[in-house]
Amino acid sequence: IMLNWIALYFSNLVVTFGKFYNETGQTSKVIQSTASIKIFQGLKESSIPFVKDFFSADINFGIILAIILAFLVYYLLNRTSKGYELKAVGLNPNAAEFGGINVGSNLILSMGLSGALCSIAGAVKVLGFAGNVARLTVAEGNGFDAMSVALLANSHPIGSIFSGFFFSVIKRGGFRVQQLLGVPYEIVQIIIGIIVLFISMPLVIKIISSKFKRVGGKK
């Protein structure tokens, strides 16, 4: 988490570096049209009302890529020995080390894999949606959204596909409700917070109850 600010300012440095910088604003130059990964653009002009409304938002190849990566991560974690080591270290590093697993190397590997997936997500956002990179003063919070998605999916790679879709529907619907009815977008954030709170409650209760059981056992 402490490296977030380093990554943020390094990104700003790249944005404002030489030929990448757009002097008309605090952003990088817009990507070439040939670099865009948007798909189904022609359907935005469809004469069929439902099709036109459904494809009104930008849809890009990142959706397909995310599904493929989710299945690859599932295969890695559940069908390979390295995935077994990663799960063991994540669940209980002390027990994993006692079982002969190199905890340090697996921690570095897990951070590297997570960083690679986040980098792909960032590239998809630029190539399929934003078209450029803005010079930011604070982080956009996409990582925290990803944590909420993973929590809702119970850290299951395949489940994250559906929980991610659920979160996107809530966020997209929140923007539409704000536009049509003038409802503050903060309401959507409150709803997401309540969902995350209720999802995490069973784990919190389990931890508290286990501590009470330990105290009772000592007595």
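Every number here is computed from the coordinates shown, using simple stated rules; none is lab data. These numbers were taken from a predicted model, which means no experiment stands behind them. When we count neighbours, we look across all protein chains shown, and the Cβ atoms used for this are built from the backbone with ideal geometry, even at glycine.
Give the long-range amide H neighbours of Ile39: residues separated by 5 or more places, or on another chain, with amide H under 5 Å away, using H modelled in the peptide plane at 1.01 Å from N.
So Ile39 has HN proximity to Ile59, Asn60, Phe61.
Would you mind working out the magnitude of the charge dipole of region 141-219 relative to its Cα centre, with +1 at each Lys and Arg C-beta and -1 at each Asp and Glu C-beta, to the nearest 20 Debye?
Here region 141-219 has a charge dipole of around 620 debye.
Provide Tyr185, Tyr74 in ascending order of the number of other Cβ atoms located within 10 Å of each residue's Cβ, fewest first. Each step should come with its number before you reach the end.
Working: Tyr185 13, Tyr74 17.
So the residues, fewest neighbours to most, are Tyr185, Tyr74.
Please arrange Val169, Val124 by counting, for each residue, the other beta carbons lying within 10 Å of its beta carbon, fewest first.
By the 10 Å Cβ count, ascending: Val169, Val124.
Anything in the chain that counts as a DSSP H helix reaching 20 Å or more along its axis (C-alpha) with Kyte-Doolittle mean of at least 1.6? List them, would you?
Working: long enough: 62-79 (24 Å, 2.03); 103-125 (33 Å, 1.31); 157-181 (35 Å, 0.72); 186-218 (47 Å, 1.35).
Result, helices passing both filters: 62-79.
Within 10 Å of each residue's Cβ, count the other Cβ atoms and sort Thr27, Thr137 from fewest upward.
Thr137, Thr27
Skipping prolines and chain starts, which residues have an amide H placed within reach, meaning under 5 Å, of the one on Asn22, given they are 5 or more residues away or on another chain?
Thr27, Ser28, Lys29
Based on Cβ point charges of +1 for Lys and Arg and -1 for Asp and Glu, what charge dipole magnitude is obtained for the chain about its Cα centre, in debye rounded to the nearest 20?
The dipole of the chain has a size of about 700 debye.
Which value in Å does the Kirkwood hydrodynamic radius of the chain take, with 1/r averaged over all unlike C-alpha pairs and then inverted?
Kirkwood hydrodynamic radius for the chain: 20.9 Å.
Please compute the Kirkwood hydrodynamic radius of region 107-217 from all pairs of different C-alpha atoms, in Å with one decimal.
About 16.8 Å for region 107-217.
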